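Everything on this sheet refers to the single structure shown next.
The values are calculated or read from the model by the stated rules, or taken from the named source; none is laboratory data. What you see is a predicted model; the values in this text were computed from it and never measured. Note that we place each Cβ from the backbone using ideal geometry, even for glycine, and neighbour counts take in every protein chain shown. These area figures cover heavy atoms from the full protein model, side chains too; ligands, DNA and RNA do not enter into them. Shrake-Rupley method; radii C 1.70, N 1.55, O 1.52, S 1.80 Å.
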Amino acid sequence: MWFTSDNASGAAPEVMAAVTAANAGYARSYGADAFMDRARDQIREIFEAPEAAVYLVATGTVANALALSLYCPPWGAVFCHQHAHITEDECGAPEFYMHGAKLVLVHGAHGRMDPAALEAAIVKAKGSGVHGVQPGAVSITNVTEAGTVHSVAGVAALAAVARAHGLPVHLDGARFANALVATGATAAEMTWKAGVDVVSFGGTKNGCMGVEAVVIFDPAKVWEFELRRKRGGHLFSKHRFLSAQMVGYLEDGLWLRLAAHANAMGARLARGLAQMPDVTMVHPVEANILFPEWATGTHARLEAAGAAYYPFPAPMGRERARLVASWSTTEADVDWFLAALRG
Ligand SMILES: Cc1ncc(COP(=O)(O)O)c(C=O)c1O
């Protein structure tokens, strides 16, 4: 039973069908394919942003790194949560693509930056004069690494701090669809209407083979992004296969249905875990990622039963786990896991 990550899941049949259909005949290369025209139109419609620039890449890491490199100079600072993916899990790619800019870590409970802490970090950086990195951008993650979700008001509160200091805002939306279905917000409300300038719009974790979009609301940045993507080695020549995945993913609202299912399976797991007296939750469950804690010895028992997830140690004779439900998790998978946990 696989709860390691939503990227341990396969690709949705509709996405595979779109890729197979795109395989017929010839298509223009490097993003000039007709599927890309369709994907761009779909994303502009979804974001209610007819002027938005849309580019596809194959990993969330490069989507984040290229997006940030557009907005932060080498002597700049990107303010992000202390456990943000860009700081803990991208091997320095953002710093590399920004040519040495620094990530400044901001604390906050349950994966969300505290707006007051963000304000203090920006003010401190501003006061460092020529000796310190200069405030460059703010990066927010939704769904967060703690599995929690920023409401529109939460994004807007952080973006307001950034804006008050003239800083642009990036949103890491590797699980953007899960955040939208959790809040009921529209893509526009969660991004540009709340003060976001550039979005990494995830596809891979939620049913694609490997595609993420970078959505840029400022047309002035477009040519620079194209050059940075090519120079960084991330302009695919047989681009139609990226485009086709995105088209299949977005057609008829599939992306939202898949995310709603993943979140529902997360909620089913959470309900089952809540009935077990010895299990506590480290973070509130708001989407498809759960962090339960249980008695020592449970990992070994679950592993022997065939459960796959990320185990972590925890203080005071406890063990911690990260469980992720995906678009392909079934109710039977969840019930099996809960039964194995009950022993
Ligand atoms: C929040 C977040 N951002 C970005 C990424 C990066 O995705 P990739 O592994 O495709 O580079 C991930 C993947 O785990 C993620 O969880």
Test: GLY210 is within 16 Å of the ligand (Cβ to nearest atom), in contact (Cβ under 8 Å) with a residue 40 or more places away in the chain and surrounded by fewer than 18 Cβ atoms within 10 Å (Cβ to Cβ): yes
Evaluate the following for HIS110: is it within 28 Å of ARG322 (Cβ to Cβ), touching a residue at least 24 places away in the same chain (Cβ under 8 Å) and part of a helix (DSSP H, G or I)? yes
When VAL282 is run through (1) under 26 Å from MET209 (Cα atoms); (2) surrounded by 13 or more Cβ atoms within 10 Å (Cβ to Cβ), the failure sits at (1)
Log entry, pairs with first residue in region 1-13 being among the hydroxyl-bearing types (Ser, Thr, Tyr), second being in a loop (DSSP other than H, G, I, E, B) and away from the ligand (no atom under 15 Å from the Cβ), beta carbons closer than 6 Å, six or more apart or on different chains, reads SER9/SER328
Can you spot a residue in region 177-188 that is under 13 Å from ALA58 (Cα atoms), in the same structural domain as ALA67 (by TED's automatic domain parsing) and of a type in the set (Val, Ile, Thr)? no
I'd like the residue in region 89-107 that is open to solvent by 40 Å² or more (accessible area, probe 1.4 Å) and near the ligand (Cβ under 10 Å from one of its atoms) and, out of all such residues, is farthest from GLY173 (Cα to Cα). CYS91
One residue from ALA52, ALA63 being among the small types (Gly, Ala, Ser), open to solvent by less than 30 Å² (accessible area, probe 1.4 Å) and away from the ligand (no atom under 15 Å from the Cβ): ALA52
Residues in region 116-166 that are farther than 26 Å from ALA287 by Cβ, open to solvent by less than 10 Å² (accessible area, probe 1.4 Å) and part of a helix (DSSP H, G or I) total 1
Which is within 19 Å of ASP172 (Cα to Cα), open to solvent by 40 Å² or more (accessible area, probe 1.4 Å) and more than 14 Å from the ligand (Cβ to nearest atom), of PHE236, PHE217, PHE225? PHE217
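When region 167-205 is examined, which residues are found to be of a type in the set (S, T, N, Q) and open to solvent by less than 10 Å² (accessible area, probe 1.4 Å)?
The answer is ASN178, THR191, SER200.
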Kindly list the number of the only condition in (1) surrounded by 23 or more Cβ atoms within 10 Å (Cβ to Cβ); (2) more than 16 Å from the ligand (Cβ to nearest atom) that fails for MET113. (2)
Some residue of region 309-318 being at pLDDT 95 or above, closer than 30 Å to GLU212 by Cα, hydroxyl-bearing (Ser, Thr, Tyr) and touching a Cys at 6+ places or on another chain (Cβ under 6 Å): no
Within region 27-44, is even one residue at positive phi, open to solvent by less than 70 Å² (accessible area, probe 1.4 Å) and either touching a His at 6+ places or on another chain (Cβ under 6 Å) or acidic (Asp, Glu) (or both)? yes
Flagged in region 35-45 as over 20 Å from THR186 (Cα atoms) and free of Cβ contacts under 8 Å to residues at least 60 places away in the same chain, in numbering order, are ASP37
So which pairs qualify, if the first residue must be in region 298-309 and touching a residue at least 40 places away in the same chain (Cβ under 8 Å), the second must be small (Gly, Ala, Ser) and assigned to a loop (DSSP other than H, G, I, E, B), the Cβ gap must be under 8 Å, and the two must be at least 6 apart or on different chains? ARG301/GLY343
Would you please list the contacts, defined by Cβ atoms under 8 Å and residues six or more apart or on different chains, that run from a residue in region 46-66 that is farther than 14 Å from VAL222 by Cβ and among the charged types (D, E, K, R) to a residue that is away from the ligand (no atom under 16 Å from the Cβ) and open to solvent by 10 Å² or more (accessible area, probe 1.4 Å)? GLU48/THR186
